[in-house]
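Note sheet for the following structure.
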Amino acid sequence: MKFISKFFSWFFAIVLILFIGISIIGRIGAMSNYGIPTVFGYQTMLVLTDSMEPTLEAGSSGIIVKKVSEEEIAIGDIITYEATWSKVNPITHRVVDIEIVDGEKHYFTMGDKKRLEIEEQKKSLSRADYDPSYTTIDRILGKVIIISGFLGSFISFTSSPIGYIVLIFIPLMIIFLLNIRDLWKEWKKKKEN
């Protein structure tokens, strides 16, 4: 029984330390990344708007974005970037065109929702349909590599006060109570002897 108690105590302590460590690393990375926590070049985000539906559902899709070089971005990729034309940043849209101007790549993007609406009208896409301005590699946070409904739920949960309680406070209380129980048993054993 003592082994199980020690195991759970150590397990929760390690999980808690890892969680806090990753949170600290992420917060440090967020200072230079539009406020988005970054851990080893990866960022997790919750999709907040419907511009990429049905690919990304607002409020329920979580994405993992990886910092990539411009050679790794192609037409059809979904990227997250700072949009100079939008008050809401960052933006996650699909690359629909790439143009090289004076040696610099310009990435033209568009939300899937708008693209599908245009296709339903049997119209062909034109530059006028794209987002108001192109973006460049220095404004791109990264390319979306994972889309997950579970991740979206997890991000929402961990960002809430109840999620914080479940992930931080409850493991701390379990560690504390297991240690108190062990100390009580030791004290009782010494008292009997």
Test: Lys113 is modelled with pLDDT under 90, over 15 Å from Gln43 (Cα atoms) and either in the same structural domain as Val96 (by TED's automatic domain parsing) or in contact with a helix residue (DSSP H, G or I) (Cβ under 8 Å, 6 or more places away or on another chain) (or both)
no
For the stretch 56-111, which positions are among the hydroxyl-bearing types (Ser, Thr, Tyr), under 26 Å from Gly152 (Cα atoms) and buried (at least 17 other Cβ atoms within 10 Å of the Cβ)?
Ser61, Thr80, Tyr81, Thr92, Thr109
Given the conditions (1) closer than 21 Å to Thr55 by Cα; (2) touching a strand residue (DSSP E or B) at 6+ places or on another chain (Cβ under 8 Å); (3) in contact (Cβ under 8 Å) with a residue 60 or more places away in the chain, which single one is not true for Lys113?
(2)
Some residue of the stretch 25-46 being modelled with pLDDT of 75 or more, among the aromatic types (Phe, Trp, Tyr), in a loop (DSSP other than H, G, I, E, B) and in contact with a Ser or Thr (Cβ under 8 Å, 6 or more places away or on another chain):
no
If Asp138 meets every condition in (1) part of a loop (DSSP other than H, G, I, E, B); (2) over 18 Å from Pro54 (Cα atoms); (3) free of Cβ contacts under 8 Å to residues at least 24 places away in the same chain; (4) under 22 Å from the mean Cα position of the chain (by Cα) apart from one, which number is that one?
(1)
Checking the structure you have, find out if any residue of the stretch 141-151 is modelled with pLDDT under 85, surrounded by 15 or more Cβ atoms within 10 Å (Cβ to Cβ) and touching a strand residue (DSSP E or B) at 6+ places or on another chain (Cβ under 8 Å).
yes
Any idea which of Ile180, Ile155, Ile170, Ile162 is assigned to a helix (DSSP H, G or I) and more than 24 Å from the chain's Cα centre (by Cα)?
Ile180
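The values are calculated or read from the model by the stated rules, or taken from the named source; none is laboratory data. All values reported here derive from a predicted model rather than from experimental measurement. Positions of Cβ are generated from backbone atoms using ideal geometry, with glycine treated the same way; all protein chains shown enter the neighbour counts.
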